[in-house]
Every structure is written in structure tokens, then in C-alpha cells.
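Beneath this line is the structure, given in C-alpha cells, with notes to follow.
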Amino acid sequence: MSKVRIQKRRDFLKMVAGGAAGCFTTSLRPVPGEAAAAFQTGRFVKGGLGYRRLGRTGLSISEIALGGSPLPDPTLLRELFDRGVNYIDTSHNYDNGNSERLIGRLFAAVGRDKVFVSTKFHVQPRDTEATIIASVRGSLSRLATDYIDVLGIHGAEDPDVLEDERVLGAYEKLKKEGVWRFRGLSCHANHDAVVRKAVSSGLYDVVQVGYNVFDIQEPEREVKTYEDYLGTSGLRGLLDFARGRDVGVIAMKTLRVGGRRQNLEAYRTGTASIYQAMLKWVLADSRVTAAVTEILSREQMEEDLAASTSPLSAAEGRTLRRFVRDNGRDYCHFCGRCQESCPARVATTAVQRALAYHESYGKTARGRALYAELGNGRTVPACRDCGRCEVACPYGVSVRARLREAHRLLA
């Protein structure tokens with residue numbers, strides 16, 4: 001892979017406010033080596049839906065993948081798979097295990113070999129190799145299957161967990177039993193370190209990361225870079241790195257907005273909603289295999305599936321540029337730098353993630369539960385109001401104001 005040129009980052013907001021579209025336009029162009037990438041992605045269209053190769057797994061999965069938190073009702077779930085969706089992402093704790101149970105019933109209805117499933121386990125300090133294995137066996141029971149296509153670590157935020165002896169030991173024992181086919185992980189924060197370690201280690205076949213139109217933003221100041229591959233603090237260098245090692249990339253948090261999923265008519269472009277344009281933007285990147293999205297109605301189904309084979313138009317690109325300009329100032333990219341800088345060890349990234357559950361996805365109960373799990377010692381009551389978090393943030397987010405808002409809404 002060619003070296004990534006490290007160049008001075010421009011202030012994204014000043015640039016778009018002045019009418020320049022360079023940052024966004026560059027991100028919409030084919031990435032270098034697009035012709036070679038066509039082979040790597042293995043893309044084809046069948047029945048009006050696109051499919052791509054999931055890295056070295058060799059699995060051909062639908063570009064629109066289904067998120068399992070929550071899943072639609074059984075009738076719509078079956079219809080989605082009749083329409084060609086063939087990949088579901090879930091976890092042992094989604095909907096108290098009922099997400100996995102519903103997928104198990106889908107297996108029985110359409111055939112296990114027609115559906116690829118990714119499920120995940122958490123790793124807490126109290127966990128042992130045995131408790132991780134027990135969690136996975138619980139997933140097998142709920143899924144009513146004897147194997148999992150992609151078995152992943154849920155929400156890896158510390159790169160050390162990827163080679164933790166408890167995790168590797170559990171993987172090894174379960175592999176001998178034929179429980180999983182490929183290893184994966186999801187990463188909500190500190191993706192620079194986590195994804196880099198996952199790809200470098202050669203142990204993980206699939207990484208699932210938050211990636212959406214807000215990633216067109218450039219940092220406001222110089223940030224730490226890694227000479228081996230990473231030219232910015234964002235995800236674009238990571239995507240290049242993953243593709244160079246043939247690691248499959250699943251994009252999540254693709255439809256994140258500053259409010260609940262609704263009809264944002266001010267950002268409609270012709271017949272395309274802002275949500276459809278967001279999905280088109282993600283899928284325009286050949287380094288991404290699929291976009292995970294929750295589909296809970298037939299309207300959402302038609303909207304999301306159409307994004308697979310309808311390219312992003314120039315007008316939609318302009319609308320997205322305007323949307324990010326209007327809503328991106330306080331968007332947390334979950335890079336983790338604010339949290340690393342906090343002398344009081346406040347979980348600033350996790351707090352903003354809890355707030356996003358409320359604001360962007362309408363999952364207030366989940367946001368409150370996450371906030372409560374952190375406890376007073378790692379939330380707003382522990383904040384010294386020193387402002388180091390805001391100095392560290394490459395994007396100029398008003399971190400302290402966001403923390404106070406989270407406490408007001410979720411405590």
C-alpha cells in the first residue's frame with residue numbers, strides 16, 4: 001500500500017462556509033486503485049440489490065445489512081430476506097437475547113445456509129475464558145444453530161483486549177468445536193488504536209466501525225498520526241489499511257443525525273431523503289463491504305434497499321454537505337482523545353455515546369442504562385471543568401456542554 005501523505009488539515013467548517021467543496025468532493029471520488037478494488041470487493045447485483053465480498057472471509061453479503069437492535073417484526077424480517085438481505089448483525093444482549101431468538105426462527109423458516117449472522121460477546125474485567133465461552137454458547141442456543149459466521153468482541157475500546165489470553169483462549173476452544181467461522185469485532189471508540197491492532201495482528205477477519213457522512217469533516221488542528229499507514233485521525237486511513245490486509249469492513253452508525261429518525265424534509269433531494277443519501281455516501285466507498293442499518297417499517301425497507309443500486313447524485317452530495325455544515329459542529333467522532341486527556345478519568349466518549357443513543361436513535365432507555373453503568377465517578381459529577389477535553393478534541397466539540405446535556409437528559 002502506498003504511503004499516506006501527511007498534510008496540514010484544513011478547517012472543514014470554514015471551508016464549506018466559504019463555499020468550497022474540496023473536502024467533501026475528494027471523499028466522494030473513487031479511492032486510489034479503484035480498478036483493483038473492484039476485484040477485491042467482488043461486487044455484483046442480483047434482484048436489485050448489490051453484494052460485496054467481505055474481505056478474506058470470501059462471503060458475498062448484501063450491501064445493506066440488517067442491524068439487530070432492534071429487529072423488525074417477523075413478517076417484515078422474512079420479507080427483507082426474500083428481497084435479498086442476507087447478513088444480520090446482533091449481540092448476546094440485544095433485546096435481552098430476543099434478537100438472537102428471532103434470528104433463530106428466521107433460520108428455521110428460510111434455511112440456515114441462506115443467512116449470515118454476526119453475533120458478539122462482551123469482555124468485562126470480571127470475565128474469564130469460561131464466562132466468555134458460556135456467553136457464546138448461550139448465543140448458539142438462542143440462535144438455534146451450531147455455528148456462527150462471524151463471532152466478534154462487542155464494543156472493543158482497548159486494543160489490549162484483542163490479544164487478551166481470556167479472549168484468545170475462548171476463541172481457540174470454540175474453534176475446535178466448530179462454533180465460529182471468522183473472527184470479528186465492533187468498535188465504538190478509540191478506533192485508531194483498536195482497528196490498527198486488529199488488522200495488524202492478523203487475527204481478525206472483520207471489523208465493524210462507525211462510519212457516516214460526518215466523516216467528511218477534517219480536524220481543526222494537527223493530530224497524532226501513525227507513520228505506517230495513518231495520515232489523519234479519522235477513518236479513511238484505517239479503511240485503506242484494512243483493505244490492504246483484506247480485512248472486511250462493516251459500517252455501522254450510518255444514519256446518525258442530531259435527532260430521532262424522522263422525515264428531515266429540509267434535507268430532502270427530490271425523492272431521496274437525507275437517510276437514503278447517507279447510505280449512498282457510505283456505499284460509494286468501495287473499501288466498505290456493507291452498511292448496517294435498522295429497518296423497522298416497509299417505508300424504511302424500500303428507502304434503504306434502493307440506496308444499494310442508486311448512485312449518489314451531485315445534488316444529493318450538495319445536500320449532504322449542507323447537512324454536515326449545519327449539524328456537524330458538536331458531532332462526536334468517538335476518537336477517544338478527550339477521554340485520554342481527562343485528569344479526572346471522566347468517560348467523556350462513553351457519555352457522548354449515551355447521549356447519541358437518545359438524540360440520534362431515539363433509544364433513551366439504552367442511553368440512560370449506559371450512563372448509569374458508568375457511575376458518578378466517571379460522569380459529570382466527577383468533572384473538574386478544566387477544559388482539557390476540549391483542547392484535545394481535534395474537531396472543536398464543546399465537550400463540557402455535551403456532558404452537561406447528557407447529565408440533564410440521562411441521569
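Could you give each residue of the stretch 243-255 its phi-based ³J(HN,Hα) in whole Hz, using Karplus coefficients 6.51, -1.76, 1.60 with θ = phi - 60°, and x for Gly or Pro?
5, x, 9, 6, 8, x, 10, 10, 8, 10, 6, 6, 10
Going by average Cβ density within 10 Å per residue, which order do the peptides 384-390, 201-207 take, highest to lowest?
Working: 384-390: 14.7, 201-207: 19.4.
The densest-packed peptide leads the list: 201-207, 384-390.
Which value in nm describes the separation of the simple spin-label points at Arg408 and Ala382, placed 7 Å from the Cα toward the beta carbon?
So the two model labels end up 2.3 nm from each other.
Pull out the extension gain between Arg78 and Asp246, defined as 0.36 nm times the separation in residues minus the alpha carbon to alpha carbon distance; nm, one decimal.
Values: separation 168, 0.36 × 168 = 60.48 nm, distance 3.13 nm.
So the extension gain works out to 57.4 nm.
If you stretched the chain out fully between Ala266 and Asp160, how much longer would it get, using 0.36 nm times the residue separation minus the C-alpha to C-alpha distance?
33.8 nm
If you take every residue apart from Asn212 with its C-beta less than 9 Å away from the C-beta of Asn212, what net charge results, scoring Lys and Arg +1 and Asp and Glu -1?
Within the 9 Å Cβ shell, the charges total +1.
Label the stretch 33-190 by shape, choosing from rounded, prolate and oblate, from the square roots a ≥ b ≥ c of the eigenvalues of the Cα gyration tensor; if a/c is under 1.5 it is rounded, and otherwise prolate applies when a/b is larger than b/c, oblate when it is not.
The shape class here is oblate.
Could you pull out the pairs from Lys280/Lys363; Lys120/Lys173; Lys120/Lys175; Lys46/Lys280 whose alpha carbons sit more than 21 Å apart here?
Checking Cα-Cα distances, Lys280/Lys363 exceed 21 Å.
Which whole-Hz ³J(HN,Hα) couplings does the stretch 370-382 yield from phi under the Karplus relation 6.51 cos²θ - 1.76 cosθ + 1.60, θ = phi - 60°, glycine and proline marked x?
Running phi through 6.51 cos²θ - 1.76 cosθ + 1.60 with θ = phi - 60° gives 5, 5, 5, 4, 5, x, 4, x, 10, 10, 4, x, 8 Hz.
Between Arg322 and Arg298, what length in nm is gained on full extension when 0.36 nm per residue of separation is reduced by their alpha carbon distance?
Extra length available between Arg322 and Arg298 comes to 5.8 nm.
Tabulate in residue order the Karplus-calculated ³J(HN,Hα) for the stretch 316-329, using 6.51 cos²θ - 1.76 cosθ + 1.60 with θ = phi - 60°, rounded to whole Hz; enter x for Gly and Pro.
Coupling constants for the stretch 316-329: 5, x, 5, 5, 5, 4, 5, 4, 5, 4, 6, 10, x, 4 Hz.
Could you list the residues of the stretch 106-123 with an amide nitrogen less than 14 Å from a label point located 7 Å from the Cα of Ala369 in the Cα-to-C-beta direction?
In the stretch 106-123, the label zone of Ala369 (backbone N under 14 Å from the point 7 Å along Cα→Cβ) covers 122.
If you bin every alpha carbon distance in the stretch 68-107 into 5 Å steps from zero, what whole percent lands in each bin?
Whole-percent P(r) values from 0 Å outward: 6, 25, 37, 23, 7, 1.
For Thr379, enumerate residues with amide H under 5 Å from its amide H, sequence gap 5+ or separate chain, H modeled in the peptide plane.
So Thr379 has HN proximity to Ala347.
Let me check against my output: what whole-number percent is the relative contact order of the stretch 95-182, with C-alpha pairs under 8 Å and at least 6 apart?
It rounds to 35 percent for the stretch 95-182.
Relative contact order of the stretch 337-410, please, whole-number percent, based on alpha carbon pairs below 8 angstrom and at least 6 residues apart.
39 percent
Every read-out reported here was derived from the displayed coordinates using simple, explicitly stated rules and does not represent laboratory data. Bear in mind the structure is a predicted one, so any value in this text is a computation, not a measurement. Cβ sites come from the backbone with ideal geometry, for glycine too, and all protein chains shown count toward neighbours.
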